[in-house]
Ligand code: SAM
């Protein structure tokens, strides 16, 4: 297991005229112990198929390839892709897709069609969009082990009281957990903030009609209400709901009370289960509302 040290990285970047870009989250891992820990925590199997976003020079890829059946790596940077291809030309189980992970279609034949895992040191600037894409679209990975900004990892794993639209969105589809933190000194160039590795195990509960069986709710309805609930952070939930749904404030208050919430409850205090109950209750009261999906 061998990462490059700072001098080696600087040398190769100079040789290929690469200037690591903040805008592409190009911070390369330079600590072997962290790499070993990611591999250990990933608990890989020989028949695993792994999607890696942003392999860079292929530090993580080489270890993934040793332990799995296939690694599909997606890299946006042309120069890094060129180096990667020459480094991995003899690796039969490594496939590189050159391009933007966010622009690849779900049904792209190059993508894994069935059971797969995502393991990646993510470019930080795409975290939210990336998670939305891979948690809501099909086929979903069975799990993700990803490095992201520590603060974002904490927000994703938040409990009621500290919830956000991001936390509800991830926890609706999956169970996230912080595995360990990684300080910024472990990368070159050094990012401004610390990182964390999180494990996200997806819940296989959504059918092709985007109906979530675990929660008995349509995704569209769920997120419509959650977004309205979080629309103004400083306002109480009842005010956001009554404005967003054009429903009488007293009616909302009654619904919230029926569900056991205080009148002044705020969106960040609700768990995913609470949101599901609220969506289903609101649906009863506003059957004709265009927001809600009708069962066929
Ligand atoms: N895996 C390497 C490592 O651990 O040292 C590099 C990780 S670095 C944090 C992020 C990588 O993602 C960079 O190689 C960058 O060029 C690539 N990248 C950035 N945006 C991307 C995108 N939209 N699609 C695919 N790759 C992207």
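The values are calculated or read from the model by the stated rules, or taken from the named source; none is laboratory data. Quick caveat, the model's predicted, so the values are computed rather than measured. Here the Cβ is made from the backbone with ideal geometry for all residues, glycine too, and neighbour counts use every protein chain on show.
Identify, from the list 129, 30, 119, 38, the residue that is within 11 Å of the ligand (Cβ to nearest atom) and at pLDDT below 95.
Step by step, each of 129, 30, 119, 38 is checked, and only 129 is within 11 Å of the ligand (Cβ to nearest atom) and at pLDDT below 95.
Pull up the stretch 57-87, narrow it to residues that are touching a helix residue (DSSP H, G or I) at 6+ places or on another chain (Cβ under 7 Å), free of Cβ contacts under 8 Å to residues at least 40 places away in the same chain and within 14 Å of the ligand (Cβ to nearest atom), then point me to the one that is nearest to residue 108 (Cα to Cα).
Taking the candidates together, the pick is 73.
Check 48, 106 and return the single one that is more than 13 Å from the ligand (Cβ to nearest atom) and surrounded by 19 or more Cβ atoms within 10 Å (Cβ to Cβ). Write out each step before concluding.
Values: 106 fails: surrounded by 19 or more Cβ atoms within 10 Å (Cβ to Cβ).
Being more than 13 Å from the ligand (Cβ to nearest atom) and surrounded by 19 or more Cβ atoms within 10 Å (Cβ to Cβ) holds for just one of 48, 106, which is 48.
Checking the structure you have, find out if any residue of the stretch 150-167 is under 24 Å from residue 69 (Cβ atoms) and either surrounded by fewer than 18 Cβ atoms within 10 Å (Cβ to Cβ) or in contact with a strand residue (DSSP E or B) (Cβ under 6 Å, 6 or more places away or on another chain) (or both). Break it down into steps so the answer makes sense when it comes.
Pass one, the stretch 150-167, residues under 24 Å from residue 69 (Cβ atoms): none.
No - not one qualifying residue is present in the stretch 150-167.
Output yes when any residue across the stretch 38-45 is more than 24 Å from residue 191 (Cβ to Cβ), exposed (fewer than 13 other Cβ atoms within 10 Å of the Cβ) and either assigned by TED's automatic domain parsing to the domain that holds residue 140 or touching a residue at least 24 places away in the same chain (Cβ under 8 Å) (or both), and no when none is.
yes
Just for helices (runs of 4 or more DSSP H) wholly inside the stretch 169-261: which have at least 2 residues that are buried (at least 16 other Cβ atoms within 10 Å of the Cβ) and either within 16 Å of the ligand (Cβ to nearest atom) or touching a residue at least 40 places away in the same chain (Cβ under 8 Å) (or both)?
Passing ranges, in order: 219-229, 237-245.
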